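Each remark here refers to the structure printed beneath this line.
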Ligand code: 2HA
Ligand code: ZN
C-alpha cells in the first residue's frame, strides 16, 4: 500500500459519506460517522500513523474498546468535502488502553479534533460491540429531513415511531424487527446525550434524536447506510399519506407484522405489538 487512502476501510468510509451527502442528509457540517477498524486493518495502516499527540479525555469510558482505532469525521468538517479531501476532513482516532481518552494518529490535518458527537459514537460502539458479540463496526449519524419532521407530530416514544415505520413499508420490520429507539430533545455534543443514546442502543440498532436526526449502527457500511435509508423512506411515506388528507383505509396490521416475523424467522418486538 503506497498511500493509506488505498486502505479498503478508508475507501468504503469515503464512499458511504459521499452517498449520505448526495442523499441530502448532511447540510453544512451536519452529521458524523465512525468505523471501528479490525486489528488487520489497523496493522496495515500503522506505518502511516503518527502516535506523538497527547491523549485527550473522552468524557465517557468504554473499557471494552481500549486500544482500538476508529476512522472518524472531524468536528466542523463538511461531508460534501470528504471525497475531494479525505485527509483534511476525516482521521483515525486511537483510544488509550483504558478506553477513556483518544489521540489522532492520522488525518484531520485541519484541526485534529474528531466530531463533537465522538462521546456518543464511542458509547454506541461500546454497547453495540457487547450486544452483537463484536460484529458491530459502523456508527452513522445523519439529519434526514422527513425523519426530523416526524419528530414534531408523532408521539415521542420508541413504540410509536417503531410502529409507524413498520406500518409504512413491509421491509421495515424485516430490517429492524426490534424497532427503533427514541431520545427526546436534549443538548447534543456531550457525555449526557451519549449515555442516554447508548442506553437505547442496548436494544435498538437505530435511535431517533427528536428535532435533530438519527443514529444507526451496523456491521458494515452497506447495512448501516441501508438502515438509515429505509427509515428515511418510511418517514417520507408516512408524511405523504398524512399530507394526502385522505383517511387511512388499510395498513399493515399487528397480525401481518407477526406473520412477517414467522415467515422470515425474526423475533418482532412483542412489546410494540398489540394495545398498551
Ligand atoms: O456533526 O450533526 O450532531 C454535527 C452534528 C452534531
Ligand atoms: Zn447532528
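The values are calculated or read from the model by the stated rules, or taken from the named source; none is laboratory data. Source: prediction; values computed, not measured. Note: ideal-geometry Cβ built from the backbone for every residue, glycine included; neighbour counts use all protein chains shown.
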The number of residues in segment 127-149 that are part of a helix (DSSP H, G or I) and crowded, with 23+ Cβ neighbours inside 10 Å is 2
Name the residues in segment 17-57 that are in contact with a strand residue (DSSP E or B) (Cβ under 6 Å, 6 or more places away or on another chain), more than 24 Å from residue 7 (Cβ to Cβ) and in contact (Cβ under 8 Å) with a residue 60 or more places away in the chain, would you?
-> 25
Residue by residue through segment 180-198, note down the ones that are surrounded by fewer than 21 Cβ atoms within 10 Å (Cβ to Cβ), more than 13 Å from ligand 1 (Cβ to nearest atom) and touching a residue at least 24 places away in the same chain (Cβ under 8 Å).
-> 184, 191, 195
Tell me which residues, restricted to segment 58-79, are within 11 Å of ligand 1 (Cβ to nearest atom) and not in a strand (DSSP E or B).
-> 75, 76, 77, 78, 79
Number of the condition not met by residue 27 [criteria: (1) closer than 23 Å to residue 187 by Cα; (2) touching a helix residue (DSSP H, G or I) at 6+ places or on another chain (Cβ under 7 Å)] = (2)
Does segment 11-24 contain any residue that is outside any helix (DSSP H, G or I) and within 16 Å of ligand 1 (Cβ to nearest atom)?
-> yes
For residue 128, the lone unmet condition from (1) within 16 Å of ligand 2 (Cβ to nearest atom); (2) within 30 Å of residue 96 (Cβ to Cβ); (3) in contact with a strand residue (DSSP E or B) (Cβ under 7 Å, 6 or more places away or on another chain) is (1)
What's the number of the condition residue 112 fails, among (1) modelled with pLDDT under 95; (2) within 28 Å of residue 276 (Cβ to Cβ)?
-> (2)
Which of the residues spanning segment 67-98 are free of Cβ contacts under 8 Å to residues at least 40 places away in the same chain and over 20 Å from residue 9 (Cα atoms)?
-> 97, 98
Filter segment 150-179 down to the residues that are surrounded by 16 or more Cβ atoms within 10 Å (Cβ to Cβ) and not in a helix (DSSP H, G or I), then identify the one that is nearest to ligand 2 (Cβ to nearest atom).
-> 151
Test: residue in segment 96-111 that is buried (at least 18 other Cβ atoms within 10 Å of the Cβ), more than 15 Å from ligand 2 (Cβ to nearest atom) and in a helix (DSSP H, G or I) = no
